[in-house]
1. Across region 164-198, what is the total count of residues that are of a type in the set (D, E, K, R) and either within 19 Å of V138 (Cα to Cα) or more than 23 Å from the chain's Cα centre (by Cα) (or both)?
2. I need a count of the residues in region 112-135 that are farther than 15 Å from K195 by Cα, open to solvent by less than 60 Å² (accessible area, probe 1.4 Å) and not aromatic (F, W, Y).
3. For the condition crowded, with 22+ Cβ neighbours inside 10 Å and in contact with a Ser or Thr (Cβ under 7 Å, 6 or more places away or on another chain), what is the one hit in Q23, Q19?
4. What's the number of the condition T52 fails, among (1) open to solvent by 10 Å² or more (accessible area, probe 1.4 Å); (2) among the hydroxyl-bearing types (S, T, Y); (3) more than 26 Å from Y200 (Cα to Cα)?
5. Would you pick out the residues in region 55-71 that are without any contact (Cβ under 8 Å) to a residue 60 or more places away in the chain and surrounded by fewer than 17 Cβ atoms within 10 Å (Cβ to Cβ)?
6. Which one of these does N103 not meet: (1) open to solvent by less than 40 Å² (accessible area, probe 1.4 Å); (2) within 14 Å of the chain's Cα centre (by Cα)?
7. So which residues in region 177-205 are open to solvent by 50 Å² or more (accessible area, probe 1.4 Å), free of Cβ contacts under 8 Å to residues at least 24 places away in the same chain and more than 11 Å from L120 (Cβ to Cβ), if there are any at all?
8. For region 112-159, name all the residues that are assigned to a helix (DSSP H, G or I), closer than 30 Å to A89 by Cα and of a type in the set (A, V, I, L, M, F, W, C).
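The values are calculated or read from the model by the stated rules, or taken from the named source; none is laboratory data. These numbers come from a predicted model, not from an experiment. Cβ coordinates were reconstructed from backbone atoms using ideal geometry, including for glycine residues, and neighbour counts include every protein chain displayed. Keep in mind that these areas ignore ligands, DNA and RNA; they rest on the heavy atoms of the full protein, side chains included. Shrake-Rupley method; radii C 1.70, N 1.55, O 1.52, S 1.80 Å.
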Amino acid sequence: MKNDTMLDLPAESFLLCLQTKHQKELFQKFAMNVLCMDSTHGTNHYDFKLITVMVADQFGQGRTVGWCICSKEEKQYVQHFLQAIRDAAPTATVKTVMTDDDNTGWFAARSVFGEIIQHLLCHWHVDRSLKRNIFSKVKTKSDQVSIYQSLYLLMHHTDKDMFHQYLESFIDAWMPKEPSFIQYFKTFYASRPEKWAMSYRNFSHADTDTNMFVERCG
């Protein structure tokens with residue numbers, strides 16, 4: 001991957017973007033399915049970040065289409081990386097981007113691929129965030145289990161109308177008993193179900209999970 005554009009980054013920055021010819025061909029062919037981004041921290045004693053970009057192929061398998069090693073995971077770094085990938089295959093179409101629940105990758109992707117692309121959250125990251133907040137905010141073990149089970153069913157329910165009925169019932173049932181968790185849930189997830197609920201994912205490769213892709217990617 002070659003990009004001779006002068007980068008507007010601090011002088012002490014480190015940014016290395018890598019893409020093979022085969023990866024460029026994969027991006028060209030499958031970017032329209034779903035483009036997934038995942039970050040790995042603590043890769044060396046400088047605490048550089050490794051950002052992996054993947055696509056889902058015709059079999060729903062994750063295929064890596066580029067790597068970026070950078071000193072900071074900030075929007076301008078990720079944007080330069082994604083722009084280099086796009087410049088290498090300018091006719092490729094990106095319709096959907098999946099990220100973790102950090103807006104850095106999403107803001108960078110929107111700057112490169114356009115405002116109308118769809119944004120999805122990786123279920124693995126959503127599940128991890130929900131578990132952490134359930135365990136820290138919900139008092140008893142039995143209530144922790146009950147709330148998690150309800151949210152798991154909500155996430156994977158496929159009927160949109162029924163989803164919203166269950167969502168409202170869940171909030172009404174638990175708000176009096178666990179207001180701290182329910183307020184967190186309303187703020188970060190209930191207000192944007194289109195990003196995490198399966199009932200909103202009526203397209204191919206809707207069950208894509210970026211963490212699963214990283215573990216199995218070829």
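1. 5
2. Of the residues in that region, 4 qualify.
3. Exactly one residue qualifies, and that residue is Q23.
4. It is condition (3) that T52 fails.
5. Of the residues in region 55-71, the ones without any contact (Cβ under 8 Å) to a residue 60 or more places away in the chain are 55, 57-59, 65, 67-71.
Across region 55-71, the qualifying residues are D57, Q58, F59.
6. Failing condition for N103: (1).
7. P179, Q183, K186, T187, S191, N202, listed by residue number.
8. The answer is V112, F113, W124.
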